[in-house]
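The values are calculated or read from the model by the stated rules, or taken from the named source; none is laboratory data. All values derive from a computational prediction rather than experimental measurement. FYI the Cβ positions are ideal-geometry reconstructions off the backbone, even for glycines, and counts take in every protein chain you see.
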Amino acid sequence: MPVIRFEIEAECPVTGARAGLLYTPHGTVETPVFMPVGTQATVKGLTPRDLADDAGARILLANTYHLYLRPGHETVRHLGGL
């Protein structure tokens, strides 16, 4: 199973806010970060290029339970996964 870990780089002593690095099998993401949610695996009204280039998104959230229900895990797998 792929390992995902978070490393704290700095923490505010007043608010407890943290900045760090999120390590995933697909790459490293600096936090805090803009993280759009892909309802039904897509962000409405924006292309992947819009998200990456214009919005600066480095990571995208998707609800895997919803995708399991529709269109189903076999369809997601057939289309290349998330």
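Okay, residues lined up against (1) touching a residue at least 12 places away in the same chain (Cβ under 8 Å); (2) under 26 Å from L79 (Cα atoms); (3) assigned by TED's automatic domain parsing to the domain that holds H73; (4) not hydroxyl-bearing (S, T, Y):
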residue	(1), (2), (3), (4)
P2	yes, yes, no, yes
P13	no, no, no, yes
V29	yes, yes, no, yes
G45	no, yes, yes, yes
A52	no, yes, yes, yes
G56	yes, yes, yes, yes
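Of all the residues that make up the stretch 34-50, how many are surrounded by 12 or more Cβ atoms within 10 Å (Cβ to Cβ) and farther than 21 Å from T64 by Cα? Adding up the residues that qualify gives 1.
Here's a check for you: in the stretch 59-74, which residue that is in a helix (DSSP H, G or I) and either aliphatic (A, V, I, L, M) or under 20 Å from the mean Cα position of the chain (by Cα) (or both) is nearest to L22 (Cα to Cα)?
Taking the stretch 59-74 first, the residues in a helix (DSSP H, G or I) are 64-69, 73-74.
In the following step, the residues that additionally are either aliphatic (A, V, I, L, M) or under 20 Å from the mean Cα position of the chain (by Cα) (or both) were identified as 64-69, 73.
Numbers: T64: 20, Y65: 23, H66: 24, L67: 24, Y68: 25, L69: 28, H73: 26 Å.
Ranking the candidates gives T64 first.
Selection over the stretch 21-56 of residues that are small (G, A, S) and on the phi > 0 side of the Ramachandran plot gives a count of 4.
Let me confirm something: among G56, G45, which residue is part of a loop (DSSP other than H, G, I, E, B), more than 19 Å from I4 (Cβ to Cβ) and more than 16 Å from the chain's Cα centre (by Cα)?
It is G45.
For the residues L61, L82, the requirement of being touching a residue at least 40 places away in the same chain (Cβ under 8 Å) and closer than 23 Å to I4 by Cβ singles out L82. When G81, G16 are checked against the criterion of being small (G, A, S), in a loop (DSSP other than H, G, I, E, B) and modelled with pLDDT under 90, G81 stands alone in meeting it. Residues of the stretch 8-31 that are closer than 18 Å to I59 by Cα and loosely packed, with under 10 Cβ neighbours inside 10 Å: P25, G27.
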